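So the structure is just underneath, and the comments pick up after that.
The values are calculated or read from the model by the stated rules, or taken from the named source; none is laboratory data. Note that the coordinates shown come from a computational prediction; the quantities given were computed from them, not determined experimentally. Glycine gets a Cβ as well: all are built from the backbone with ideal geometry, and neighbour counts include every protein chain shown.
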Amino acid sequence: MAPSFNLSATLNVSRLLYNPGLCLPHITFKSFDQLILPFQIPAHPNVRIKGIVLDKDNCFAKDHDDKVWPAYESTWSKLKSIYPGEHVLIVSNSAGTDDDTNHTQAKTLEENTGVSVLRHSVKKPGCSDEIKQYFARQNINPNEIIVVGDRLFTDMVMANMMGSWGCWISEGVQLSNKMFPKLERDLYSRLVSSRTDNPWSPPTPKNADEPFAKDIT
């Protein structure tokens, strides 16, 4: 399945000219197996994450593969036990999109992982409305959602546009040498180190510091 051109990413990346912080994560881990679960946002201790959006390629799976990378199985099991059922959603720019004929790849991925895959026509970061609608049915607000992925221009931009939290997987299964991932890593280094007195930072979701009465049920 050859991926089509991602118009959504091309259009939305222009937002970074005005606010580079939109591509920055709130927390960062080198790889999926290093995640600290349950998720915590150190600067916002009252935050209770209830909804998890997972990228696929080079996040929990190897590029172009539709199963959990073997080294991540333990973390995967822990994630699903802490955030059960519909609290986890896979959002890919391949599986579940219009490139995925009859959503065959999405169905295979669901069978292999036991996690729902979002069906969406607009690719990340432009499918935020569909994600928010999905979690609204579980009574989960945007500021209770975290997006986990390896791409700054799609996954992290989408998280910040949603008013949610971003968790960047900075290397993944295999450190990518493709042009855009390398560009993203270079930009990240520049943004967090170029102004040591007041570095760029991602926006804080609305009502982030309000205490939440409900836990996952």
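Kindly indicate whether Phe153 is surrounded by 12 or more Cβ atoms within 10 Å (Cβ to Cβ) and at pLDDT below 95.
Yes; evaluated as a whole, the condition is true for this residue.
Filtering the range 163-189 down to residues that are touching a helix residue (DSSP H, G or I) at 6+ places or on another chain (Cβ under 7 Å) and either among the acidic types (Asp, Glu) or at pLDDT 95 or above (or both), which residue is surrounded by the fewest Cβ atoms within 10 Å (Cβ to Cβ)?
For the range 163-189, the residue satisfying everything is Gly163.
Within the range 18-137, considering only helices (runs of 4 or more DSSP H) that don't extend past its boundaries, which have at least 1 residues that are over 22 Å from Ile169 (Cα atoms)?
104-113, 128-136
Scan the range 159-185 for residues that are touching a Phe, Trp or Tyr at 6+ places or on another chain (Cβ under 9 Å), touching a residue at least 60 places away in the same chain (Cβ under 8 Å) and in a helix (DSSP H, G or I) and report the count.
2
Just give me the residues in the range 15-71 being crowded, with 18+ Cβ neighbours inside 10 Å and small (Gly, Ala, Ser), in sequence order.
Correct list: Ser31, Gly51, Ala61.
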